[in-house]
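Data first, discussion second: the structure below is written as structure tokens.
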Amino acid sequence: MKIAIGSDHAGVEQKSEIIAFLNETGIETIDCGCFSADSVDYPDIAEAVAAQVLEKNIPGIIICGTGIGISIAANKIPGIRAALCSDSFSAEMARRHNDANVLAIGARVLEMPVIREIVRAFFSADFEGGRHQRRVDKINEIEKKYCERCC
Ligand code: RB5
């Protein structure tokens with residue numbers, strides 16, 4: 001499995017730690033930046049990760065200070081379902097019920113051991129389908145409706 005990952009300056013250290021943790025467990029990563037503590041804009045990183053997720057049909061991880069800005073930006077992109085998670089239960093449910101394809105994390109909110117648990121929970125769970133598929137389909141219908149309205 002490959003995972004696209006990116007953070008703004010607020011999460012660059014946590015990104016490195018997550019990459020190391022994933023690589024140790026045999027998961028390859030595509031690092032979409034940023035690569036230093038110099039200030040960058042989180043929408044650019046959200047877009048870079050989302051592009052990989054959509055192009056390669058792989059999951060993604062996005063990180064900013066709170067996880068809020070970067071998840072808002074990612075969720076503007078059709079086909080992206082980014083879930084901002086602060087606990088492992090939500091991370092598991094984001095996969096099982098919401099078929100989230102991107103995990104968003106707040107680097108200034110959570111300590112590394114919790115982040116590791118969240119990442120583990122998200123990538124260990126699978127979408128359950130069934131009644132949850134109907135709801136995800138409705139999300140896709142909303143997306144389509146408003147995309148058509150904009151263009
Ligand atoms: C950057 O200072 C900060 O605003 C950003 O990382 C994020 O928390 C925004 O939602």
Please tell me the relative contact order of the chain in percent, rounded to the nearest whole number, where contacts are Cα pairs under 8 Å and at least six residues apart. 21
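Would you mind estimating how fast the chain diffuses translationally, via Stokes-Einstein at 25 °C and 0.890 mPa s with the Kirkwood radius over Cα pairs, in µm²/s?
161
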Give the residues of the range 25-44 whose amide nitrogen is closer than 16 Å to a point set 7 Å from the Cα of residue 124 in the direction of its Cβ. 25-27
Which of 109, 53 has the fewest Cβ neighbours within 10 Å, and the rest in rising order: 109, 53
To test your reading of the geometry: what angle, between 0 and 90 degrees and rounded to tens, separates the Cα axis of helix 12-24 from the longest principal axis of the chain? 80
I'd like the orientation of helix 42-56 relative to the chain: the angle between its Cα long axis and the longest Cα principal axis, in ° from 0 to 90, rounded to 10. 60
Classified through the alpha carbon gyration tensor (a ≥ b ≥ c as square roots of its eigenvalues; rounded if a/c is under 1.5, else prolate when a/b is larger than b/c, else oblate), the range 88-129 comes out prolate
Using packing as a proxy for protection, rank 129-140, 10-21 so that the peptide with the highest average count of other Cβ atoms within 10 Å comes first. 10-21, 129-140
If the chain between residue 1 and residue 144 were fully stretched, how many nm would it gain, using 0.36 nm times the residue separation less the Cα-Cα distance? 48.6 nm
Local electrostatic count at residue 42 - Lys and Arg +1, Asp and Glu -1, tallied over other residues with Cβ under 14 Å: -2
Mind checking the angle between helix 131-150 and the chain's longest principal axis? C-alpha axes, 0 to 90 degrees, to the nearest 10. 90
What does the extension gain come out to for residue 72 and residue 87, with contour length at 0.36 nm per residue minus their alpha carbon separation? 3.5 nm
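Taken together, the values in this text are just the output of simple stated rules run on the coordinates, not laboratory data. The structure displayed is predicted, hence computed values, not measured ones. Cβ atoms come from the backbone with ideal geometry, glycine included; neighbour counts cover every protein chain shown.
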